[in-house]
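Novice: The structure under discussion is supplied below as structure tokens; questions concerning it will follow.
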Amino acid sequence: MEGVMSGCYHVCPSYSNFQFDTAFMYVIAVLSMLKIYQTRHPDISATAYATYLVLAFIIFIAVIGVVYGTVWFWLILTIIHVLASIALSAQIYYMGRWQLNLGVFKRIWNICKTDGCGRPVYMDRMVMLVIANVANWSLAIYGMITQPKDAASYLLAVFIINLLLYTTFYIVMKLRFREKILLLPVIYIILAAVTWGFALYFFMSKLTTWEVTPAMSREGNKECFVLDFYDEHDIWHFLSAIALFLSFMILLTLDDDLIRKPRDKIPVF
């Protein structure tokens with residue numbers, strides 16, 4: 001579906017259909033994070049209903065940001081972003097033992113008042129959450145200050161950065177608990193990193209833009225350099241598709257070393 005909607009956008013890139021290309025990228029990023037989390041927390045992972053309800057809300061926000069990207073929009077988005085980061089941090093730290101509702105902020109305040117700045121019980125988890133909150137709060141402040149016109153790409157960057165942070169944390173924790181990363185996922189990690197690097201190089205060429213009229217956008221086109229038919233943006237799509245496949249293979253094979261290990265012996269982090 002991502003390929004179909006991206007094709008619809010690229011037929012004639014415009015201000016109104018740009019969301020076609022990014023909406024399913026949000027879905028990919030969120031589902032990838034949930035897949036990683038579900039590996040160690042199968043009993044407390046988000047349900048399909050809740051997940052797709054949140055995704056629908058995110059896509060709605062992206063559309064509002066592109067069409068009505070006013071100061072009030074960015075102020076409200078910043079508040080939602082910060083509050084969501086705090087609430088999800090509590091949910092992850094206590095591994096679902098707290099009910100995720102409006103009362104979570106009061107419980108966090110009570111914990112801070114009673115326990116103060118004592119040593120966290122789950123230090124590894126706390127370090128990860130501190131880093132994630134610093135990154136997310138920085139992104140929220142950046143969005144509020146700069147108010148980028150391309151709100152859809154800004155939200156996509158937020159999800160991609162969180163996915164990279166959580167994937168890195170997961171790999172580090174596997175190594176910390178002396179779990180093996182087999183040769184196959186290592187190969188996929190290396191290939192994905194190299195392919196994403198080349199793909200992003202071609203993505204940054206910026207041959208077209210949906211922020212101006214089609215006639216003005218065509219002024220940025222360059223000569224095709226592959227088979228006299230494909231330009232740099234086409235190469236971005238080829239390489240990003242390969243890199244996305246390799247990234248999915250990382251998720252599928254990363255825990256192959258635990259296939260024969262009883263579930264009650266697998267560390268939870």
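Novice: Could you tell me the number of lysine pairs in the chain with C-alpha atoms less than 26 Å from each other, where the two lysines are 8 or more residues apart or belong to different chains?
Specialist: Pairs that pass both the separation and distance tests number 11.
Novice: HN-Hα J couplings of the range 193-199 from phi, Karplus 6.51/-1.76/1.60, θ = phi - 60°, integer Hz, Gly and Pro as x?
Specialist: Couplings: 4, 5, 5, 4, x, 5, 4 Hz.
Novice: How far apart, in nm, are the 7 Å Cα→Cβ label points at residue 245 and residue 176?
Specialist: Those two pseudo-labels are separated by 3.5 nm.
Novice: Quick check on the chain: helices-only [θ] at 222 nm, where DSSP H runs of length 4 and up contribute -39,500 (n - 2.57) each and the sum goes over total residues. Nearest 500, please.
Specialist: Here the helix-only value at 222 nm equals -23500 deg cm²/dmol.
Novice: Pop the C-beta distance of residue 228 and residue 153 into the FRET formula with R0 = 22 Å and round what comes out to the nearest 0.05.
Specialist: According to the calculation, E is roughly 0.10.
Novice: Continuing with this model, one more query. Nearest 10 degrees is fine. How inclined is helix 2-11 to the longest principal axis of the chain, computing both from alpha carbons?
Specialist: Relative to the chain, helix 2-11 is tipped by roughly 30 degrees.
Novice: State the extension gain, in nm to one decimal, for the chain segment bounded by residue 75 and residue 95, taking 0.36 nm per residue of separation less the distance between their alpha-carbons.
Specialist: Extending this stretch completely gives an extra 4.2 nm.
Novice: Length gain on complete extension for the stretch residue 203 to residue 49, per 0.36 nm per residue less the alpha carbon to alpha carbon distance?
Specialist: 52.0 nm
Novice: Mind listing the long-range amide H neighbours of residue 230? Cut-off is under 5 Å, sequence gap 5 or more, other chains count too, H placed in the peptide plane at 1.01 Å from N.
Specialist: Placed amide hydrogens put 225 under 5 Å from residue 230.
Novice: Keeping all protein chains in the complex and leaving out DNA, RNA and ligands, what accessible area do you get for residue 222 with a 1.4 Å probe, in Å² to the nearest 10?
Specialist: Using a 1.4 Å probe on the heavy atoms, I get roughly 120 Å².
Novice: Also: Helix 48-67 versus the longest principal axis of the chain: what angle, 0 to 90°, nearest 10, using Cα atoms?
Specialist: That helix lies at roughly 40 degrees to the long axis.
Novice: Using 7 Å Cα-to-Cβ label points, what is the residue 133/residue 119 separation (nm, one decimal)?
Specialist: That separation, rounded to one decimal, is 2.0 nm.
The values are calculated or read from the model by the stated rules, or taken from the named source; none is laboratory data. Just so it is clear, the structure is predicted and the values come from calculations on it, not from any experiment. Neighbour counts run over all protein chains shown; Cβ positions are idealised from the backbone, glycine included. Remember, those area values only see protein heavy atoms, side chains included, never the ligands or the DNA or RNA. Shrake-Rupley method; radii C 1.70, N 1.55, O 1.52, S 1.80 Å.
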